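Take a look at the structure set out below.
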Amino acid sequence: MKIRKIEISPKTIVFTVCFLAAIFFFWQIRDILVMLFISFVLMQALDPLVCRLQRLKIPRILAVLITYILVLSVVSFCVAGIIPILVEQTTGLINSLPQITKNIKIFNDNSFFNENNIDFTSQLKVLETIPSNIVQIAFSVGSNIFATLMVFVITFYLLLEKKNFPKYGDNFFGEKGKIKFLKIMDNLEATLGSWVNAQLLLMLIIGLLSYFGYLTLGLKYAVPLAIIAGLLEAVPNIGPIIATVLASLIGLTVSPSIALFTLIFGILVQQLENNFIVPKIMSKTVGLNPIVTIILIIAGGKLAGVGGALLAIPFFLTIQAIVKGLLEETPHSK
């Protein structure tokens, strides 16, 4: 029997070591990469407004500043109008939590499992540890604020440098590679920019629908619940279900009929969203199969928690746009 010798060249060893070192390096700076990715998505979303201002003969740096001022003004106006009501109703919700959890039973007194009735009030004892963790909470909040500021700063500089992307593409990839690079950037702008704008509009619509619906039903804490519904709209399929269940539980503290009507209302809003609102708003964006969407969200949540679930779809769209740009033939390759 002839013995085969397997030889590993020095190049293979060097490549393997460098590849593993690169993976380790990128894993260590994954938080920075996430911030860069979020900034890139925001840049693609805000750049169309900056370009429109430039068409009015406004210098790009001034156009970027005006865009930031407009965005911050809209956010500040919304927050200023919501905060007083939100604080009042959220305070009432927090103060009512012990009574709410005391009133919610899995089974009533006549149930076969009477001895196993679950009283959620005892579960609230975990809140007693919050004061001892106040420093950790403050540090976490401070870190999140710093990360948010860094995202806005990076987005600002990306918006300023976007006009130089063709030059950077030429320097890094050459003349032929620059064409593919610019094609990829066009694909990303078409998908990510439209996706961000559509998501913001969807969140606003669902938040307003939920608010007026909760008011009509006589549900308590309509403002915070509507805001939660709007924010959870960012997590497709799963988010609206969580918002509906939460609103139904709050409705249960009023009466079983309110809880039932709240559940029915949530289902109707989801049907309206899936069959009319989303198709209309997403008509100009890249559509994803619902099964693919669910798999992406579950995988993102498993790998990186809530943040992973939120970024799973834009990350997929980014990879899709890059692959599409790489596979498309350039004029020079025909």
Whole-Å semi-axes of the ellipsoid equivalent to the stretch 191-277 (Cα gyration tensor, √5λ, descending): 24, 12, 10
Using a Förster distance of 56 Å, the FRET efficiency for Phe165-Leu272 (Cβ separation, nearest 0.05): 0.90
Members of Lys11/Lys162; Lys57/Lys178; Lys167/Lys302; Lys167/Lys324; Lys162/Lys324; Lys163/Lys324 lying beyond 31 Å, as alpha-carbon distances in this model show: Lys11/Lys162; Lys167/Lys302
Segment Thr148-Leu33, extension gain: residue separation times 0.36 nm, minus the distance between their alpha carbons: 40.0 nm
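Here, each number is a calculation from the coordinates, and none is a lab measurement. Because the structure is a prediction, the values reported are computed rather than measured. A quick note on method: Cβ atoms are made from the backbone with ideal geometry, for glycine too, and the neighbour counts reach across all protein chains shown.
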